[in-house]
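Bear in mind that the values in this text are calculations on the coordinates, not laboratory data. This is a predicted model, so every value here is computed, not measured. Quick reminder, even Gly has a Cβ in these numbers, built from the backbone with ideal geometry, and neighbours come from all protein chains shown.
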Amino acid sequence: QVRVVESGGGLVQAGGSLRLSCTASGSIFSSKTMAWYRQAPGKQRDWVALITTDGSTNYADSVKGRFTISRDNAKNTVYLEMNSLKSEDTGVYYCKMGRSIAYWGKGTLVTVSS
């Protein structure tokens with residue numbers, strides 16, 4: 001059974017940085033597009049960033065220039081480096097492996113204090 005586990009969330013002041021990690025079990029990681037989503041309190045889950053199997057990346061406009069997604073296929077891990085954090089970045093961050101058939105983690109909470 002495939003498991004996806006996020007880590008690295010926490011409390012940070014506005015302007016600070018955090019790095020989230022997402023590790024997946026199994027042998028399919030390197031063949032899957034990986035993405036980060038986030039859900040602010042009381043709002044829908046929104047897409048943040050993705051990285052394809054060949055390393056191409058794409059970002060939501062709200063995080064472009066501040067967040068960087070990367071992957072390490074040898075470790076079955078995808079990262080989200082978050083800089084210049086703002087209070088509106090607060091939320092639960094979820095990792096998604098795959099597209100049409102997707103596996104989700106349970107999320108990690110990021111709280112940015114102003």
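In straight Cα distance, which lysines are under 21 Å from Lys106, not counting same-chain residues fewer than 8 positions off?
Lys32, Lys43, Lys75, Lys96
Identify the trypsin sites (Lys or Arg not before Pro) of region 1-39 meeting these criteria: DSSP loop state and at most 16 other C-beta atoms within 10 Å of the C-beta.
Taking region 1-39 and a limit of 16 other Cβ atoms within 10 Å, the loop trypsin sites (Lys or Arg not before Pro) found are Arg3.
Place a +1 charge on the Cβ of each Lys and Arg in the chain and a -1 charge on the Cβ of each Asp and Glu, then give the dipole magnitude about the Cα centre in debye, rounded to the nearest 20.
220 debye
In region 8-61, if the dipole is taken from +1 on Lys/Arg beta carbons and -1 on Asp/Glu beta carbons about the Cα centre, which of Thr23, Ala60, Gly42 is farthest to the positive end?
Gly42
For Lys64, which aspartates and glutamates qualify as cross-link partners when the Cα separation must be under 18 Å and same-chain residues fewer than eight apart are set aside?
The qualifying aspartates and glutamates are Asp46, Glu81, Glu88, Asp89.
Going by the alpha-carbon gyration tensor, a ≥ b ≥ c the square roots of its eigenvalues, is region 60-110 rounded (a/c under 1.5) or, if a/c is not under 1.5, prolate (a/b greater than b/c) versus oblate?
prolate
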